[in-house]
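First up is the structure itself, then whatever we jot down about it.
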Amino acid sequence: MLDRAHGHLRVRRLDRVSPLAVPVLLDIGRESVRTPADEDALLAETESLLAEALA
């Protein structure tokens, strides 16, 4: 796939998180949650990232 895309990709620095990057960002930080408080904190951070990406 990368061979086919070679020469057709443009890399741009964005002022905010791209909506297409959100699943990757969420997957990078994937960890097991031990307590309900930890789960609430992770959910709040996820909602914050999504709000930033969609703003």
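Some notes on this structure:
- Extent along principal axes [Cα atoms of the chain; Å; largest to smallest]: 47, 25, 12
- Remark: spin-label model distance Leu26-His6 equals 3.4 nm, labels positioned 7 Å along the Cα→Cβ axis.
- Net charge, Val22 excluded, C-beta distance under 15 Å - Lys, Arg +1, Asp, Glu -1: -2
- Residue-by-residue Karplus 3J(HN,Hα) for segment 15-28, coefficients 6.51, -1.76, 1.60, Hz, glycine and proline x: 6, 9, 6, 6, x, 6, 8, 4, x, 5, 4, 5, 5, 4
- Residues Arg13 and Ala44, FRET efficiency given R0 of 22 Å [Cβ-Cβ distance, rounded to 0.05]: 0.20
- Note, ³J(HN,Hα) from phi for segment 43-55, Karplus 6.51, -1.76, 1.60, rounded to Hz, x at Gly and Pro: 5, 4, 5, 4, 5, 5, 5, 5, 4, 5, 5, 8, 6
Where a number appears in this text, it was derived from the coordinates with a stated rule and is not lab data. These numbers come from a predicted model, not from an experiment. Methodologically, a virtual Cβ is constructed for each residue, glycine included, from the backbone with ideal geometry; neighbour enumeration extends over all protein chains shown.
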